[in-house]
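Structure first, then comments.
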2 protein chains.
Amino acid sequence: MPEIPDSDTFLASDAFAADLLRGHTDTIVLAVLSQGESYGFEIFKTIRDATGGAYEIKEATLYASYRRLLKDGLVEAYWGDETQGGRRKYYRITDAGRAVYHDNVSAWEITRGLIDTLLELGKAARPGGTRPGRRP
Amino acid sequence: MPEIPDSDTFLASDAFAADLLRGHTDTIVLAVLSQGESYGFEIFKTIRDATGGAYEIKEATLYASYRRLLKDGLVEAYWGDETQGGRRKYYRITDAGRAVYHDNVSAWEITRGLIDTLLELGKAARPGGTRPGRRP
DNA sequence: CACTAGTACTTTATCTGTTACAGTACTCGA
DNA sequence: TCGAGTACTGTAACAGATAAAGTACTAGTG
């Protein structure tokens, strides 16, 4: 589950937060890789740091995403040539990946507007929130 | 899957769009019910009309949401007293439901900002999108 | 009367992204 | 030697979404 250590609002339900973020992982990874090649754990840290530590994506989620992106040809991978420490698998976005990234960002902008519109329905409620003419 | 008949961007992947909207169904229903009591099919229509027909939530999804909301005590239900046509099950939001609605809207506002931040990482990429110092 | 479409509600099996958990491997500091 | 951190991999379980099938009722048409 996404962890947002300093947000009481979020911590009310990590499972709930995870569902709100579901489906964005691949696009987030593509965004990070648009900046430049990176290896798995570094991507994890980039995402965590980009939100000031407020949010992190679980490793299992990220590595599952890398596998999907590879399968779909949206990224390429190669092993780093480290002589020390753990071996690092680097990922590089492909042209197809860049196109999908931009498409997904567009889709997100539309979806964001839809959700805003739908959630604002409740803000339009009159005080007391009930219409006349209904059975108790 | 959510249907957005007139949006080519969205129709690229309904499954993708569904994942972006996942987790919002309960909150959307609570938003509609904050305006006043309503029956199942009417809620369906309210949501579809609020987006100009661009988006609809499948009936199976909505009725599953009603069940969850009932189970959690966020709404109450009663049968209408129709003498004609199909019987209608009306739903009314509870005080607990209103509280959860507001909490979820707050959570959404935070999540929206996070996603915007993370997806913008790709916008910061330099032309060509690669950093020096990495193996080809 | 029969049929179709729309309205209205219900249930089940399937799908899939997420992730807890377990595992492997390597380095560094106590 | 041990624990923590870095780094990668795989599996089983979870839960929201929904296709599909089902029930029931009305209105319009042939």
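Computed from the coordinates by the stated procedures, all read-outs in this text should not be read as laboratory data. Owing to the predicted nature of the structure, the values given are computational and were not obtained by experimental measurement. Methodologically, a virtual Cβ is constructed for each residue, glycine included, from the backbone with ideal geometry; neighbour enumeration extends over all protein chains shown.
A few points about this structure:
- Label positions at B:Asp116 and A:Arg67, each projected 7 Å from the Cα along the C-beta direction, are separated by 3.5 nm.
- Cα→Cβ-extended label distance, 7 Å offset, between B:Arg22 and A:Arg48, nm: 2.4 nm
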